[in-house]
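Just so it is clear, none of the values below were taken in a lab; they were calculated from the coordinates. Since we're looking at a predicted model, the values are computed, not measured. Here Cβ is always computed from backbone atoms with ideal geometry, including for glycine, and neighbour counts include all displayed protein chains.
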């Protein structure tokens with residue numbers, strides 16, 4: 001790149017930066033006129049319970065994988081159930097966190113997944129990871145019912 005081209009590119013970047021800064025400044029004035037940045041979470045409890053399900057689900061899945069490594073297949077159904085739970089709750093958490101209008105639709109399906117996983121966890125209530133995951137499943141399923149109805 002020649003020096004002249006480089007200087008032209010630098011000038012263009014600086015101009016774009018100035019325009020972006022001016023637009024951001026104008027937007028700030030518009031927000032101030034409309035009461036500031038008040039966009040509260042509509043699904044705070046659902047976001048939190050789905051995140052908790054992902055966390056406890058990952059701990060449960062780690063335990064399941066450990067059992068499978070030892071050639072113990074007694075938790076295969078649990079493994080498949082918690083895998084579905086983690087994926088579903090991850091998606092639900094993402095939509096709920098941004099107040100997506102599709103949250104309620106997904107919450108209905110995720111509530112069913114949470115309920116199914118909770119039942120699977122109950123089969124292994126003596127295992128701490130399963131017990132914690134089951135409790136998270138029940139809490140998330142309850143929040144899902146509230147939103148989906």
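Would you give the gap between the C-alpha center of region 44-106 and the C-alpha center of region 119-149, rounded to a whole Å?
10
Which of rounded, prolate or oblate describes region 44-148 when judged by the alpha-carbon gyration tensor and an a/c cut-off of 1.5?
The shape class here is prolate.
Could you give the length gained by full extension between residue 70 and residue 44, i.e. 0.36 nm per residue of separation minus their alpha carbon distance, to one decimal place?
Separation in residues times 0.36 nm, less the Cα-Cα distance, equals 5.4 nm.
Give the peptides 94-107, 70-83, 43-56 in descending order of average Cβ contacts within 10 Å, highest first.
Packing order, densest peptide first, comes out as 43-56, 94-107, 70-83.
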